[in-house]
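Below: one structure, written as structure tokens.
The values are calculated or read from the model by the stated rules, or taken from the named source; none is laboratory data. Small disclaimer: the values here were computed from a predicted structure and weren't measured. Neighbour counts are summed over all protein chains in view; Cβ atoms, including those assigned to glycine, are modelled from backbone coordinates with ideal geometry. Accessible surface is based on the protein model in full, side chains and every heavy atom, while ligands, DNA and RNA are left aside. Shrake-Rupley method; radii C 1.70, N 1.55, O 1.52, S 1.80 Å.
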Amino acid sequence: MSESTVTQENASFEQIGEVLRNHQSFVLLSHVRPDGDAIGSQLALGYALMAAGKSVRLINEDGLPENLAFMAGSEKIETPPADPLDVEVAIALDTATKPRLGDRSLHAASNAKIWLNIDHHVSNPKYGDLNLIDSTSPATGQILYQLIVALGLPMPAESRDAIYVAVSTDTGSFQYPSTTAVTYDLAADLIRRGLDVGTINSQTYDNHPYRRVELMRALLNTLQRSDNGLVASWEMRDQLRVDLALTPDDSEGLIDIIRAIRGVQVAVFFEELPDGKIRVSMRSKDRRFNVCEIATEFGGGGHALAAGIRMKGPLEDAKPLVLGAIRRRIEAAGL
Ligand code: AMP
Ligand code: MN
Ligand code: MN
């Protein structure tokens, strides 16, 4: 199916279920620089399908990040093989646009006859043959929980724990406004199914490498706040990655520190990447200020309150462009 396919309807759980039932071999994919929801979604659906007797490969362009290696079953996550896999169905999870799966992953999945696209990004253009996009869902993991339960698929311990990590990390530990009663019901159900909530929270949140705190110290030295106090930003040079031997997951979630400043409505994290591109992470605390719209302006995407961009460098050019766009929108919104 072509990428330019006009916006189509979501598939029903039953239609997705039919594809899952009628095929035997699957490759499950998630976005580059995977977070807890990306890896969690792959493990959740992957282990449910394997428990149902299917043959499943779990591929990520960047492989398994160290901060998620505690997840049960995560050793199944592989980097893409050089040759296309012999699979019938490819399933993209938690991935706003097809290119965000990565070139080598797309090549690995290129023999698949059917593409499913399951995600919660409002900016997702529905690039699958069947799409299940629910932008009201706080995490792709929550959609998969509902799918697994609705279809009566098995939920082995790996899937159960992975759903919890996916939802917990994408809701800022069940804090963001995307968290609903459904989300808490899900968590309660997972605990009833045997999830060890204390241990899994500790593994997710109290187990950072020391270098991450050194990164935090360096970032704090670059902290800037706009005159009106509404925008806080910090930046990271690629040299810092080299000096502290950082891995991409080390910066995961750090933006929440500046998002938490009283009065700050928009937090921005600029990161210079090894290829010279600039990764921009944005968070908003105010529903009237939609950071996904800013991201889309620069070719990125995401959600209303959390979005990102990968844009042309150098940092000196990217920073004023993005901060200028934010300032203009803040003025237009009358914040
Ligand atoms: P991050 O700031 O990397 O945690 O990303 C915030 C949200 O925006 C996540 O849901 C990402 O999947 C999404 N996002 C980040 N970068 C991009 C991008 N370059 N294109 C589309 N979506 C993105
Ligand atoms: Mn994600
Ligand atoms: Mn997500």
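Worth a mention:
- Figure legend: label point modelled 7 angstrom from the Cα of Asp317 along Cα→Cβ; residues of the range 269-287 with amide N under 13 Å from it are 276-278.
- Each residue was assigned an accessible area with a 1.4 Å probe, and for Glu214 the value is about 60 Å².
- Annotation for Ala69 and Ala150: the two label points, set 7 Å from Cα along the Cα-Cβ direction, are 3.7 nm apart.
- Packing-based order for 235-247, 118-130, using average beta carbon neighbours within 10 Å, highest first: 118-130, 235-247
- Protein-only accessible surface at a 1.4 angstrom probe places the residues Glu252, Glu88 in the order Glu252, Glu88, largest first.
- Most to least packed among 164-173, 16-25 [average Cβ atoms within 10 Å]: 164-173, 16-25
- Per residue value of the accessible surface for the chain (all protein chains in place, 1.4 Å probe), Å²: 44 Å²
- Summarising the overall dimensions of the range 199-335 from its C-alpha atoms, the Rg and Dmax are 14.9, 46 angstrom.
- Here r is the Cβ-Cβ distance between Asn111 and Gln15 and R0 is 22 Å; the resulting FRET efficiency, rounded to 0.05, is 0.50.
- Taking the charge dipole of the chain about its Cα centre, with +1 at Lys and Arg Cβ atoms and -1 at Asp and Glu Cβ atoms, the residue from Val182, Ala109, Leu64 reaching farthest to the positive side is Val182.
- A 1.4 Å probe, protein heavy atoms only, puts the accessible area of Glu271 near 10 Å².
- Stretching the chain fully between Gln239 and His208 yields a gain of 9.1 nm (0.36 nm per residue, less the alpha carbon separation).
- Label reach from Thr199 (point 7 Å along Cα→C-beta): in the range 65-80, amide nitrogens under 16 Å belong to 69-74.
- Just the protein heavy atoms count here, and of the accessible area of the range 110-223 at 1.4 Å, carbon and sulfur take up 52 percent.
- Karplus-derived 3J(HN,Hα), 6.51/-1.76/1.60, for each residue of the range 62-79, Hz, glycine and proline x: 9, x, 8, x, 4, 6, 10, 5, 6, 5, 4, x, 5, 5, 6, 6, 10, 6
- Distance (nanometres) between label positions extended 7 Å along Cα→Cβ at Arg104 and Ala51: 3.1 nm
- Take the Cα of Ala188, step 7 Å toward its Cβ, do the same at Thr296, and the gap between the two points is 3.6 nm.
- Contact order, relative form, for the chain: 14 percent (alpha carbon pairs under 8 Å, 6 or more residues apart, mean separation divided by residue count).
- For the range 262-272, putting each phi into the Karplus relation 6.51 cos²θ - 1.76 cosθ + 1.60 with θ = phi - 60° gives couplings of 4, x, 6, 9, 10, 10, 9, 10, 9, 10, 6 Hz, in residue order, rounded to whole numbers and with x for Gly and Pro.
- Residue-averaged [θ]222 nm for the chain, counting only DSSP H segments that reach four residues, each worth -39500 (n - 2.57): -11500 deg cm²/dmol
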